[in-house]
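The values are calculated or read from the model by the stated rules, or taken from the named source; none is laboratory data. Keep in mind it's a predicted model, so treat the numbers as computed, not measured. Cβ atoms come from the backbone with ideal geometry, glycine included; neighbour counts cover every protein chain shown. These area figures cover heavy atoms from the full protein model, side chains too; ligands, DNA and RNA do not enter into them. Shrake-Rupley method; radii C 1.70, N 1.55, O 1.52, S 1.80 Å.
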Amino acid sequence: MRKTLKRIILCLCLMTTMNGRAQDFILRQDSLLRVLDREIEHFDQHIARHQAQTRKLTQLLDKAETDSERYRCAYSLFQHYMAYVSDSAFFYINQCIHIADRNHDQAAADSCRTMLAIRSSNTGMYQEALTTLGDIDKKRLTGKTLGRYYQAFNHVYSELSYYSHQPEIKKRYEELSRQYATLMLQTMPDDDDASFSQRELTLLFAGKYKESMAVNDSWLRQTEPDSKRFALVAFYRYLEYNTRGDSTQTINWVVQSALADVRNAVMDQGSMWELANQLMIRGDVDRSYRYIMFASQCANKYGSRQRSWTIMPLLMDIAQNYKEEKDRTNRHLQLMLGMASLLALLLLVSFFFVYRQRNRLAQAKQELSQSNSDLSHANTLLSEMNGQLSDLNNQLSDTNLQLNESNRVKEEYIGRFLSLCSNYIDKMDALRKRVNKLAKVKNYDELMRLTKTQELRNEELDTLYNDFDSAFLHLFPNFVTDFNQLLREEEQIPVADAGKLNTSIRIFALIRLGIEDSSKIAEFLHYSVNTIYNYRAQVKNKAAGNRDDFENQVKRIGKP
């Protein structure tokens, strides 16, 4: 009996300890996510630091007097842009190739072409990668350059096998990928990232988890925390734990990888996409939506069609989840209305009971005083219940109105957003074909003009703002008139085109939609935060009433 009791106590202690550790880990995980949220809010600062470094390198390139200096500066800029802007990375690695060819430095030219092929396959341009590799004479390659050559072939065939839907072709690509992986490991230095990642994946896919984790441990020991390399190592560690089914460590390492990407102003946000996917699986739809939208914005700036294709299915899943959430809210509202109806019925029954009770009390004169007191108390209770019911009905009515408006806004803008995504993909494909055509005919002057001009960016911004104005005025057709009524008559803001908003009114249109943060408004309208502050202050100074309550009055425009 005593032994049994001791065993029970020991089990309870172990369960308590394990539960405590699990709670501690959940708290640490939530803390990491909050840190990631703060870093995303300060992403503009990380970008500013990156751009400052880029300007220094560009200045060095402009001042370079020899081809050797120009080559070094151009290659540094290529490395700087690899995870930031895809088109710029391609531009500078091609500059390196031109410089090396001009100086008959075949080894440098071959090395740069292997890097060009790797960048091409990384961004989904598989045929371009194979064409570039076909221009290289393998017999000339030695050492690390030969390893990079095999790495490029391994990557492009690995990607082709992943996306292929034809079994025979998929099998052939997989075999080619394995062959080049073996050749790469034979020629690449052991401390190279490509060597580490390939050895780890090979062991991981073979089910040798202890050996693959040992490779990652060695890789991690050689990596500086919060660096771009750390983001890569942490991502592979996430794959390790995800393969094992360790959900707590899976989230921990993918968050750390995403943190390193954000702090290094990385635009190719693979870890953020994986984190959003993991959070959506766990039911955290709001945070998943924020992260996938952030990853999507970064992918658009980076210019990778492959990442855009990867993100689009998850965006569709999130949209579906929002629809399901809306349906659940509607069902909850119907339940609340049913409860209110039941409460009203009970109230009617109570009134009927009180009426009969009063008739009976009228017949009992001796208990009249006590009955009157009871009736007064009952009336007080009924009055309170009636007041509570009235408040509940008002709250339900307000909730229903807010829900309908929120659903209307979400449906309108989600539809517009998906349409914009589709149009943008078509435009990017048209641009790709045009650039490819210019590259084939070696029309580099036209290609430079095309990539340097701001015309395409300005056209896309005009399209975005026109689409936003159209959607907003469709939702709130009288907004401009109602907005001007809040201003003094001589300070009202005219709108030249009835279907478009000017900058001042567009800022307050965003505020009407609930976007009050000046930094977010500035990011959307491509102005500085100080400019947005000035616009808001100038308009509020024109208010007909209390300027401090002006924005609250704007938020109530269009509400019944």
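With a/c under 1.5 counting as rounded, go ahead and sort the stretch 492-539 into rounded, prolate or oblate using the C-alpha gyration tensor (a ≥ b ≥ c being the square roots of the eigenvalues; past the cut-off, prolate if a/b is larger than b/c, else oblate). Prolate, because a/c is 1.5 or more and a/b exceeds b/c. Using Cβ point charges alone (K and R +1, D and E -1), the dipole size of the stretch 85-166 about the Cα centre works out to roughly 260 debye. With all protein chains in place and ligands, DNA and RNA left out, the 1.4 Å accessible area ranks Asp517, Asp110, Asp193, Asp445 as Asp445, Asp517, Asp193, Asp110, largest first. The figure for Val480 is an accessible area of roughly 30 square angstrom, using a 1.4 Å probe on the protein chains alone.
Remark on Leu487: its backbone amide H falls under 5 Å from those of Ala544, a criterion applied only to residues 5 or more positions apart or on other chains, H modelled at 1.01 Å from N. Which shape class applies to the stretch 85-147: rounded if a/c is under 1.5, otherwise prolate when a/b exceeds b/c and oblate if not, where a ≥ b ≥ c are the square roots of the Cα gyration tensor eigenvalues? Oblate is the answer for the stretch 85-147, as a/c is 1.5 or above yet b/c matches or exceeds a/b. Note on the stretch 174-267: Rg/Rh from C-alpha atoms, Kirkwood Rh, equals 0.99. Within the shell defined by Cβ-Cβ distances under 14 Å, the residues around Val233 carry a net charge of -4, with Lys and Arg each +1 and Asp and Glu each -1.
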